[in-house]
1. Using the Karplus curve 6.51 cos²θ - 1.76 cosθ + 1.60 with θ = phi - 60°, work out ³J(HN,Hα) for each residue of segment 105-116 in order, rounded to whole Hz, and write x for Gly and Pro.
2. About the Cα centre of the chain, how large is the charge dipole given +1 on each Lys and Arg Cβ and -1 on each Asp and Glu Cβ? Please answer in debye to the nearest 20.
3. Charges on Cβ only, +1 for Lys and Arg, -1 for Asp and Glu, centred on the Cα centroid of segment 28-148; of 105, 71, 92, which one is farthest towards the dipole's positive end?
4. For segment 26-105, treating each Cα as an identical point scatterer without solvent, what Debye log10 I(q)/I(0) comes out at q = 0.20, 0.23, 0.25 1/Å?
5. Residue by residue through segment 69-77, what is 3J(HN,Hα) from phi via Karplus (6.51 cos²θ - 1.76 cosθ + 1.60, θ = phi - 60°)? Round to whole Hz and write x for glycine and proline.
6. So, counting K/R as plus one and D/E as minus one, what does the shell of residues with Cβ under 10 Å around residue 94 add up to?
7. For residue 105, what is the net charge nearby, where nearby means another residue's Cβ is under 9 Å from its Cβ and Lys, Arg count +1, Asp, Glu -1?
8. Which ³J(HN,Hα) values, rounded to whole Hz and listed in residue order, are derived for segment 12-22 from phi using the Karplus coefficients 6.51, -1.76 and 1.60 in 6.51 cos²θ - 1.76 cosθ + 1.60 with θ = phi - 60°, glycine and proline given as x?
Amino acid sequence: MAEPGVDDGGTDPWAALRAELEADVRRVSDRLRTLSATRLASPPAPPEQYWPPYESRAQAGRAAAAELARAAEALEAAAAGKPPDERDLPTVSDFAVGDQVAVTGHDLLAAMDLVSPDTTVCPWTLANPAASQAVGHAATVLADVRRRL
């Protein structure tokens with residue numbers, strides 16, 4: 001029997017999504033860490049699609065961190081066989097947002113080792129998405145924030 005999150009062939013079923021997510025977590029957290037107070041407080045580029053506007057780059061980073069944390073909690077809860085514990089992230093200073101994205105991103109990457117991509121997670125919607133959909137949504141929000149910074 002394979003370990004959770006790893007298929008019988010010993011390869012990582014999350015490989016493609018994991019690589020994309022790792023790169024974006026690094027890019028976004030590094031970018032937020034290097035912005036000045038003025039740039040962190042200023043609005044990011046407008047959305048390309050249906051994404052909401054953010055008042056500031058720091059707020060965009062907080063939104064990305066919240067999605068990463070929500071997906072990590074959904075995967076961890078599914079692995080434990082319980083519903084997710086819906087908790088809000090603390091609001092950190094603008095200068096700490098890059099660290100918050102890094103920590104929540106690394107939490108999600110670690111949670112991906114706990115379940116397979118097709119595991120049903122208790123979602124924040126009624127659709128009961130697979131773990132891959134929850135992670136994919138968080139990755140999409142993070143990529144949107146990356147493009148807007």
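1. With the stated coefficients, segment 105-116 comes to x, 5, 4, 5, 4, 5, 5, 5, 6, 8, 9, 8 Hz.
2. Values: 14 positive and 22 negative charges, 157 e Å.
I would put it at about 760 debye.
3. 92
4. For segment 26-105, the Cα-only Debye profile gives -0.87, -1.04, -1.15.
5. 5, 4, 5, 4, 5, 5, 5, 4, 5
6. Details: positive: 39, 57, 62; negative: none.
Its environment carries a net charge of +3.
7. Details: positive: 26; negative: 22, 24, 107.
After counting each charged neighbour, the total is -2.
8. Per residue, the Karplus-derived 3J(HN,Hα) values read 7, x, 8, 3, 5, 5, 4, 4, 5, 5, 4 Hz.
FYI, it's all coordinate maths here, none of it is from the lab. This is a predicted model, so every value here is computed, not measured. Note: ideal-geometry Cβ built from the backbone for every residue, glycine included; neighbour counts use all protein chains shown.
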